[in-house]
Each structure stands twice: as structure tokens, then as C-alpha cells.
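Trainee: Dumping the structure here so I can ask a few things about it.
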């Protein structure tokens, strides 16, 4: 039963991370297009340039939980790697509960007004010819916090499962 919940939670971040990963290819192609338009055709587009920034932000903000899921975040694991799997689960459990969760809740709460104000005026680019959806871009801050909390919850469940399994087998 616990596996079912973990898999459901992780499937959200897996699908999101996989989809967002394709933005890196699109970013390269759009960057190439911007360079060709500027230096070959002497044509510039603020909207195209801003789209690269939007995609870059989405890759990092919406891909953060996927990176956490794949255990690919940078961490100092001099001691962690030498621990047993049960002790690693304890470290993961406490780290998620006392560091990840409060940080993501803080980011969500502190960003709520910032994003709400942007939505209230349907904020657009300050640049003439820029993209109109700045409020959508700012919303990814809240989405990042939610996705990280979901992955954190999945990690907590997985840690509890590992701890219980190791205690039973001992």
C-alpha cells in the first residue's frame, strides 16, 4: 500500500521532470535561432530572448523535484555514503522533515503575495515586444515548492518503509 502512494507521488515529478527536460533542447534551438536572426538577418526579438529565460526558469524550478527524486542534487556525502541503508533513511527522514519541508513552506508562503499581485494585474514584460505572461512565470515558484513538498513526502514514506523493513529483518 505504501509503495502505491510513493509511486503515485513520484509519478507526478517524473512526468513533470521528463517534460521539462525537453525544454533544454528547445532552449538550444531558440538560442540558435536568436543568434542567426541577429547576426545573419540583423533582426532581434525581445520575445524570443525572453522565452529562453522563461524556459531556463522552468527547467530549474519545475525540474528541482525530479532532481531530488533521482537523488541528483549536490550534497556532501562524506559520511552519508558510509552509513547503512537504515541510517541513510533516518538522515533522509530528518533532513526532509527539518530542512526541506520548512524551506519549501517558507518559499511558498513568502512567494504567495508576490505571485498573487502579479496575477492581479496579469503582469507582462516591461520590455516593448516582450512576453505577456510574467505572472505565469512567477507561478512556477509556487509550483516548485509544491512539487518539492510532494517529493519530500514521497521520500519520507520511502524512508519510513526502509526503516521498518530493516528493523523487521534485524
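Trainee: Taking the range 120-147, which residues are surrounded by 12 or more Cβ atoms within 10 Å (Cβ to Cβ) and over 20 Å from residue 47 (Cα atoms)?
Mentor: If the condition is that a residue be surrounded by 12 or more Cβ atoms within 10 Å (Cβ to Cβ) and over 20 Å from residue 47 (Cα atoms), then 141, 142, 143, 144, 145, 146, 147 are the ones that fit.
Trainee: Hey, any hits in the range 22-38 for a residue that's surrounded by 14 or more Cβ atoms within 10 Å (Cβ to Cβ), touching a residue at least 40 places away in the same chain (Cβ under 8 Å), part of a helix (DSSP H, G or I) and in contact with a helix residue (DSSP H, G or I) (Cβ under 9 Å, 6 or more places away or on another chain)?
Mentor: no
Conditions tested, residue by residue: (1) part of a helix (DSSP H, G or I); (2) under 23 Å from residue 13 (Cβ atoms); (3) free of Cβ contacts under 8 Å to residues at least 40 places away in the same chain.
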residue	(1), (2), (3)
58	yes, yes, no
64	yes, yes, no
72	no, yes, yes
81	yes, no, yes
87	yes, no, yes
91	yes, yes, yes
94	yes, yes, yes
97	yes, yes, no
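Trainee: Within 30 Å of residue 44 (Cα to Cα) and under 23 Å from the mean Cα position of the chain (by Cα), is that true of residue 159? Give the derivation first.
Mentor: Numbers: within 30 Å of residue 44 (Cα to Cα): no; under 23 Å from the mean Cα position of the chain (by Cα): yes.
Here the answer is no, as residue 159 does not meet what is asked.
Trainee: Turning to a different aspect of this structure: Report, by residue number, each residue of the range 104-118 that is under 19 Å from residue 58 (Cβ atoms) and exposed (fewer than 13 other Cβ atoms within 10 Å of the Cβ). Write out each step before concluding.
Mentor: Of the residues in the range 104-118, the ones under 19 Å from residue 58 (Cβ atoms) are 104, 107-108, 111, 114-115, 118.
Residue satisfying the conditions is 114 alone.
Trainee: Let me ask you something else. Which count do you get for residues in the range 66-103 that are buried (at least 16 other Cβ atoms within 10 Å of the Cβ) and farther than 19 Å from residue 160 by Cβ?
Mentor: Selection size over the range 66-103: 2.
None of the figures in this text is laboratory data; all of them are computed from the coordinates on show. Bear in mind the structure is a predicted one, so any value in this text is a computation, not a measurement. Cβ coordinates were reconstructed from backbone atoms using ideal geometry, including for glycine residues, and neighbour counts include every protein chain displayed.
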